[in-house]
1. Using a 1.4 Å probe and ignoring any ligands, DNA or RNA, find the accessible area of residue 42 and quote it in Å² to the nearest 10.
2. Considering only protein heavy atoms, with the full assembly of protein chains and a 1.4 angstrom probe, order 122, 177 by accessible area, largest first.
3. I need the phi-derived Karplus couplings for the range 31-43: 6.51 cos²θ - 1.76 cosθ + 1.60, θ = phi - 60°, integer Hz, Gly and Pro marked x.
4. Work out the P(r) tail for the chain: percent of alpha carbon pairs separated by more than 30 Å, whole number.
5. When the accessible area of the range 10-108 is split by element with a 1.4 Å probe, what percent falls to carbon and sulfur?
6. Taking only pairs that are 8 or more places apart or on different chains, how many Lys pairs in the chain have Cα atoms under 22 angstrom apart?
7. Would you be so kind as to identify which of 148, 56, 137 lies farthest towards the positive end of the dipole of the chain, taking Lys and Arg as +1 and Asp and Glu as -1 on Cβ and the Cα centre as origin?
8. Relative to 2.2 N^0.38 Å, what does the C-alpha radius of gyration of the range 1-55 come to as a ratio? Two decimals please.
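The values are calculated or read from the model by the stated rules, or taken from the named source; none is laboratory data. Small disclaimer: the values here were computed from a predicted structure and weren't measured. Glycine also receives a Cβ, built like all others from the backbone with ideal geometry; neighbour counts cover every protein chain displayed. Keep in mind that these areas ignore ligands, DNA and RNA; they rest on the heavy atoms of the full protein, side chains included. Shrake-Rupley method; radii C 1.70, N 1.55, O 1.52, S 1.80 Å.
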Amino acid sequence: TLRAYIVAREVFGVVDLWRAVEAVDYKVPNAVQTEMVTTAGRLIVRATLWLLRNRSYLADVAQAVARFQPGAAALAKLLPEALPDSERTVCRQAQAKLVAAGVPEGLAAKVATIDTAFAALDAVEVAGALKCEVEVVARLYFALGGRLEFPWLRTRIDRLAVTSHWQGLAKAALRDDLASMQRQLTAVALRAAPGERAPARLTALWETAHKMLLERFSEVLADLRTAESPDFAMLSVAMRELR
């Protein structure tokens, strides 16, 4: 666990982020500082768990950091522009809110996109397996996610009420499954069109090849959208259809 934590911390430069947050002591409200620290902590937890599920990377901490850090830095430069419209808007709004509270522009931008920065781990893994540029993988990853309304699904999962330890685990599992499927879909789309690197073209080819399945999944999403508050059972069914 300690090895995974260290790798996650170094890959995403969280120590520097914490220092930047500390530097605004007495310049922004305590609640805003706490929110930024909590956001960074959420990334650390998710990345640590991801690495624990992929323990082969933890044999050598320095090597793991060297493997993922450049990809994380490359993906960070694409954010929030590479995100689907809905996620990009949310990030812009979050950044504006932080700036309005007195947070420096650069720090606000980093905190606003930190949840999506987690995708770097999946992007690097796919890029390594398929000998492809991380930037191409990341753009396709987000494009497919937007096409399948993953941001909406992720938001609904985040809003699930948790009243027990097991429900908490189930909620985390749903979110992890969604990220895992987004990674798998990205790899499938890349393998189906060797040599193609344009995200829009790759997405279009993938849609054409899976037209009937996409229509079926769209119907499931439409049903979910009619529900005021989708519950665990409804979201689990949607995830099964997506899988």
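1. 100 Å²
2. The residues order as 177, 122, largest area first.
3. 4, 5, 4, 4, 4, 5, 5, 5, 4, 5, x, 5, 5
4. Result: 29 percent of Cα pairs exceed 30 Å.
5. On the range 10-108, the fraction of accessible area on carbon and sulfur atoms equals 57 percent.
6. The result is 6.
7. 56
8. 1.26
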